[in-house]
Amino acid sequence: MKRPMLPAALAATALLLTACSGDGSSTQAGPAPASKAPTYGCLTQERAAKGSFALDAGTAGGSNLDAYHRDSDAGGARTAIVFSHQLGGSLCEWVPVLDDFTRAGYAVLAFTTEGDVTEGIKAAAGRLKDKGVTGIALIGASKGAAGSLVAAKLDNPLPVKAVVSLSSPEVYSQFNAALAVKAVKIPTYFAAEEMDAPFNADAKALYDASVAEDKQLKIYPGGNHGAPLLKDGALPDVLAYLARHAPAAG
């Protein structure tokens, strides 16, 4: 038997009713909720929403890199700090100290890469240039420190004003820091902890070989490696060194 056709008004009402639940609330599909910004397991959702992004680094790791960027607390920073992590680490290594740098007037950018640190630094510098930054300082931990020392002698979208090397090896894979420091005249701060062998000796060797116009070496007590040096006492020294050679105001 042929089903009778409903008048247009009744058909519309029936369609509306089928799209409502028993309590009258609509179950029609609305716009998909905005995806949450990635926290990388270490950022608050609020912080991630303001600064997490995918860094297009070309050949670095073969794809976009997890990254986080934030301007200084006052805004309009002219100098930014680019942070590079150690082997097997991530940008999360730097989260405990990022606020210290933004309070000091710097913009910050940290990224995660399993590939070429120098390509990540170059991509970071390009993004920061687009944001109005005019110069960068590099802070690296272990592998990231070796990569930062090498990056300082390469062409970058922004001038590198200073390098801070935390627990760098003399040579790591494609990053020959021992060779780089013989060519880089950019102010360089070398640091390690006294019980972190062989990196304590590497820091001394790199310092001795460095031709930086102003170089400094500090061996701190303890046996930590890389980024934790900043919380072990290096942070005030690093900030003071950067204030002299890479001031936040440019």
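The values are calculated or read from the model by the stated rules, or taken from the named source; none is laboratory data. On a predicted model such as this, the values are computed, not experimentally measured, just so you know. Ideal geometry is used to build each Cβ from the backbone, glycine not excepted, and the neighbour counts take in all protein chains shown. Surface areas here come from the heavy atoms of the whole protein model, side chains and all, with no ligands, DNA or RNA. Shrake-Rupley method; radii C 1.70, N 1.55, O 1.52, S 1.80 Å.
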### Query
Pairs under 9 Å by beta carbon, first residue closer than 13 Å to residue 96 by Cα in segment 216-235, partner hydrophobic (A, V, I, L, M, F, W, C) and surrounded by fewer than 19 Cβ atoms within 10 Å (Cβ to Cβ), six or more apart or different chains?
229/235
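Name the residue that is farthest from residue 123 (Cα to Cα), counting only residues in segment 40-71 that are open to solvent by less than 20 Å² (accessible area, probe 1.4 Å) and not in a loop (DSSP other than H, G, I, E, B).
Initial filter on segment 40-71 (open to solvent by less than 20 Å² (accessible area, probe 1.4 Å)): 43, 48, 51, 55, 57, 60, 65, 67-68.
Applying the additional criterion that residues be not in a loop (DSSP other than H, G, I, E, B) yields 48, 51, 55, 65, 67-68.
Details: 48: 20, 51: 16, 55: 7, 65: 10, 67: 11, 68: 13 Å.
So, considering only residues that are open to solvent by less than 20 Å² (accessible area, probe 1.4 Å) and not in a loop (DSSP other than H, G, I, E, B), the one farthest from residue 123 (Cα to Cα) is 48.
For every residue, the table says whether it meets (1) crowded, with 23+ Cβ neighbours inside 10 Å; (2) in contact with a helix residue (DSSP H, G or I) (Cβ under 9 Å, 6 or more places away or on another chain).
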position	(1), (2)
173	no, yes
206	yes, yes
223	no, no
229	yes, yes
236	no, no
242	yes, yes
250	no, no
### Task
State whether one or more residues within segment 100-116 are closer than 24 Å to residue 179 by Cβ, over 13 Å from the mean Cα position of the chain (by Cα), surrounded by 18 or more Cβ atoms within 10 Å (Cβ to Cβ) and charged (D, E, K, R).
yes
### Query
For segment 186-199, which residues satisfy the criterion of being open to solvent by less than 10 Å² (accessible area, probe 1.4 Å) and in a loop (DSSP other than H, G, I, E, B)?
none
## Note on the structure
Among strands (runs of 3 or more DSSP E) completely within segment 72-185, the ones holding 3 or more residues that are over 19 Å from residue 218 (Cβ atoms) are 79-84, 107-111
